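Structure, as structure tokens:
The values are calculated or read from the model by the stated rules, or taken from the named source; none is laboratory data. Worth saying up front: this structure is predicted, and the values here are computed from it rather than measured. Don't worry about glycine lacking a Cβ; one is built from the backbone with ideal geometry, like all the others, and counts go over all protein chains shown. The area values use the complete protein model at the heavy-atom level, side chains included, leaving out ligands, DNA and RNA. Shrake-Rupley method; radii C 1.70, N 1.55, O 1.52, S 1.80 Å.
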Amino acid sequence: DLASRSAQSVYLVRNPFDVYVSLYYHCLFRNDKFNSVLVDHCSRVMGDDFMPDNFGQSFYNFLSILYDHGFGYLSTWERHVSDVDFSRVRVVRYEDLWDNNEYVVRSLLAALNISCDSDALKLHSDLSRSSILSSRRQFDKSESASSGKVSFSRRGGYGSWRTTLEDRHFALIYAKVRHQLSRFGYQDMIQER
């Protein structure tokens, strides 16, 4: 266990704008392995308003449900972050893990004084990334894609918020997370929008 060897935890953080897009499709497709209460609630309240073909309004309604219908904790990403003792946490950004998986994992292991086989680490890093990309390519070529269906695995990916979110979506999410964005270097990403 990495955390127990150094009395630290690894805290994986991800751009909240991508997280919300991913969460929308997670609930749309009832991918509820770990949070069925949320998924069932959103499906029940959204009903026919889950309309991927009218993503703009559908996603706005979804955000309103998250913030106003008893799931207010989802809007308090920054409150959760402020409760974390970062002196005992090694922060890893999802985006850095995606960009350079091998380097991030190697750095973590080195900080925890754990040796690893470089070739094995590179192999696993390459396999992880290629399996994700392969599943996306397979969907692109499938009959589902040609019939206009969307795939959960393709949505909310790294940086997709830039082309997916409308100004009203961005403003609503930003109001909930703005105070903690700079802690993880996301403020600079947001300003590039």
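Within region 166-191, how many residues turn out to be without any contact (Cβ under 8 Å) to a residue 12 or more places away in the chain and among the acidic types (Asp, Glu)?
The total comes to 2.
Which condition from (1) in contact with a Phe, Trp or Tyr (Cβ under 6 Å, 6 or more places away or on another chain); (2) modelled with pLDDT under 80 is the one that residue 14 breaks?
Result: residue 14 passes all but (2).
Return the residues of region 81-102 that are open to solvent by 80 Å² or more (accessible area, probe 1.4 Å) and in contact with a helix residue (DSSP H, G or I) (Cβ under 8 Å, 6 or more places away or on another chain); say none if nothing qualifies.
90
Return the residues of region 160-176 that are of a type outside the set (Ser, Thr, Tyr) and at pLDDT below 85; say none if nothing qualifies.
176 - this is the single residue of region 160-176 that is of a type outside the set (Ser, Thr, Tyr) and at pLDDT below 85.
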